[in-house]
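The values are calculated or read from the model by the stated rules, or taken from the named source; none is laboratory data. Since the structure is predicted, the reported quantities are computational estimates derived from the model, not experimental observations. FYI the Cβ positions are ideal-geometry reconstructions off the backbone, even for glycines, and counts take in every protein chain you see.
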Amino acid sequence: MSGFTSGGARPAVPELMKATTGAGSFETEALACIDSLYRTALRLTRDPADAEDLVQDTYLKAFRAVDRFEPGTNLRAWLFTILHNTARNRARDRARDTVTADSETVERAAETASGAGLDQPVTPESLLLRNTLDPDLQAAVDALPGVFREAVWLRDVEEFSYAEIAAMLAVPVGTVMSRISRGRRMLFDALSRAKTLKTIQSHARLQEA
Amino acid sequence: MPDCKKLDPLVTPYVDGELDAPSRAEVDAHAHVCPPCHSRIAAEQTVRELLVARRATLQKDCAPAALRARCGAAVEKGVVPLFPGSRVKKGYDPFSLRARLRPLALAAALVVVVGGAFLYQLTDRSARVMAAELVADHIKCFGVNRLLGTSQSAALVEGSMASSFGWRVQLPARPQQIGLELVGARPCLYGEGRIAHIMYRHNGRPVSVFMLPRTARPDEVVDVMGHEAAIWSAGNRTFVLVAREPREEIQRVASFVHAALH
């Protein structure tokens with residue numbers, strides 16, 4: 001290899017590579033969750049820049065708390081718990097400056113509002129909803145009040161158990177179930193309304209034509 | 001319907017398939033005779049099934065590459081590198097962050113510099129600066145994307161080099177001669193996507209071969225950030241082989257690739 005010449009003194013940076021070698025390390029596995037953390041942060045904040053901040057803080061906190069993570073337990077659920085704690089703390093900080101409805105109030109209001117849902121008859125809506133367009137579904141999810149949005153999202157999209165969600169949200173399992181339940185029913189009502197509206201509109205257009 | 005209240009808390013676990021058989025039968029029996037509860041269960045079930053069926057599209061958002069790189073540094077080093085384009089965080093005390101920066105942080109920051117058109121211009125500058133950028137990319141590609149275990153065929157990589165870079169390359173026919181195994185190629189977002197990145201394993205450790213088109217520079221081996229970067233030029237292209245191995249080993253592998261790459 002006469003063509004190759006030496007270039008400069010060797011800087012000693014041995015630690016640099018420790019974390020990047022060896023698949024299956026804490027860091028690698030933690031980073032494998034970044035997409036679902038980011039998506040969930042997007043649903044929580046509904047703002048890409050805030051979502052990025054939240055995810056970045058989550059990884060910083062994970063680094064600082066790594067000693068408290070028990071190997072063998074669910075790393076993904078642990079990271080989601082940090083994400084939600086961070087989001088809650090931020091909401092609390094913001095609430096000091098602005099008056100916002102607390103989640104209990106929202107929950108009670110929703111309970112009253114959707115109490116009438118039970119006497120809805122079984123309709124072909126259930127079938128119709130299957131044709132809901134993706135953007136409409138996403139919009140309806142994003143339009144749910146925060147506590148219901150996160151519960152339904154964590155259960156139906158991110159596939160966490162009730163117990164895992166309860167730990168993340170720091171609420172009892174019963175509350176998790178009732179939030180999922182109400183969130184789903186609100187979503188059902190919103191999607192049904194949108195469907196009915198569209199059907200009426202297309203009928204009207206047909207008659208005009 | 002006296003059972004409705006009692007069954008209410010069972011509806012959601014029923015829909016989620018979390019009930020044991022007796023409770024499940026209880027709900028079934030009740031729903032059979034109670035239209036309101038039946039419709040409530042149907043509504044929940046419809047929404048759950050819809051969400052589950054659309055999981056893939058609901059999960060389409062991916063973390064941006066720059067965020068991924070920052071989080072990689074955060075979880076590995078506990079610092080968020082301050083580099084151009086990074087967001088200034090609200091309520092974040094820069095002094096406390098700076099206080100955490102150890103001497104290694106500068107190198108850590110290099111690891112996560114991503115994107116940016118500047119690399120291509122950097123190729124006009126010193127070999128060390130160019131090598132540092134490529135080492136950073138080498139670490140990022142292998143470390144962040146967990147690619148070491150994959151293996152693409154030579155034909156696939158050659159095809160993507162031809163279509164992405166107009167580079168009709170023949171990869172070394174028998175890389176195993178020197179202990180190399182092909183991992184694959186990635187469209188490198190570095191240097192406006194004009195730098196090709198082909199990845200190998202060498203005795204299980206990551207090796208990168210970068211190809212920079214329309215560039216020539218003198219042959220040399222540079223060590224930077226604990227890695228060795230062997231640089232050579234051929235046919236108005238510059239090649240940089242990056243790995244974390246002893247210099248003699250790098251020179252041996254580089255001269256093999258140099259000779260076997262057509």
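The helices (runs of 4 or more DSSP H) found wholly in the range A:83-195 and carrying at least 2 residues that are modelled with pLDDT of 90 or more occupy A:134-143, A:146-152, A:162-169. Taking every residue in the range A:62-89 that is closer than 13 Å to A:Ser36 by Cα and pairing it with any residue that is among the polar types (S, T, N, Q) and modelled with pLDDT of 90 or more, at least 6 positions away or on another chain, the pairs with Cβ-Cβ distances below 6 Å are A:Leu83/A:Thr58. Cβ-Cβ contacts under 7 Å between residues 6 or more apart (or on different chains), taken from a first residue in the range A:24-53 that is surrounded by fewer than 18 Cβ atoms within 10 Å (Cβ to Cβ) to a second residue that is part of a helix (DSSP H, G or I) and not aromatic (Phe, Trp, Tyr), are listed as A:Phe26/A:Val66; A:Glu29/A:Leu75; A:Arg46/A:Asp142; A:Pro48/A:Leu42.
Is it the case that the range A:187-208 has a residue that's touching a Lys or Arg at 6+ places or on another chain (Cβ under 7 Å), more than 24 Å from A:Asn89 (Cα to Cα) and not aromatic (Phe, Trp, Tyr)? Checked against the condition, which is being touching a Lys or Arg at 6+ places or on another chain (Cβ under 7 Å), more than 24 Å from A:Asn89 (Cα to Cα) and not aromatic (Phe, Trp, Tyr), the range A:187-208 yields no hits at all. Would the range B:31-53 turn up any residue that is within 26 Å of A:Thr132 (Cα to Cα), at the interface with chain A (Cβ under 7 Å from one of its Cβ atoms), free of Cβ contacts under 8 Å to residues at least 24 places away in the same chain and not in a helix (DSSP H, G or I)? Within the range B:31-53, none of the residues are within 26 Å of A:Thr132 (Cα to Cα), at the interface with chain A (Cβ under 7 Å from one of its Cβ atoms), free of Cβ contacts under 8 Å to residues at least 24 places away in the same chain and not in a helix (DSSP H, G or I). Annotation note: of B:Leu148, B:Leu156, B:Leu106, B:Leu134, the sole residue that is at pLDDT 60 or above, assigned to a helix (DSSP H, G or I) and farther than 16 Å from B:Phe210 by Cβ is B:Leu156. Within the range B:4-27, the set of residues being over 43 Å from the mean Cα position of the chain (by Cα) and farther than 16 Å from B:Arg40 by Cα comprises B:Ala21, B:Pro22, B:Ser23, B:Ala25. Among the criteria (1) more than 9 Å from chain B (Cβ to nearest Cβ); (2) exposed (fewer than 14 other Cβ atoms within 10 Å of the Cβ); (3) closer than 24 Å to A:Asp35 by Cα, the one A:Glu159 does not fulfil is (1).
The strands (runs of 3 or more DSSP E) falling completely within the range B:164-250 that include 2 or more residues that are within 13 Å of chain A (Cβ to nearest Cβ) and within 16 Å of B:Val135 (Cβ to Cβ) map to B:205-213, B:220-224, B:227-234, B:237-243.
When residues of the range A:35-57 are filtered for being facing another protein chain (nearest Cβ under 8 Å), in contact with a helix residue (DSSP H, G or I) (Cβ under 6 Å, 6 or more places away or on another chain) and not charged (D, E, K, R), how many remain? So the answer is 5.
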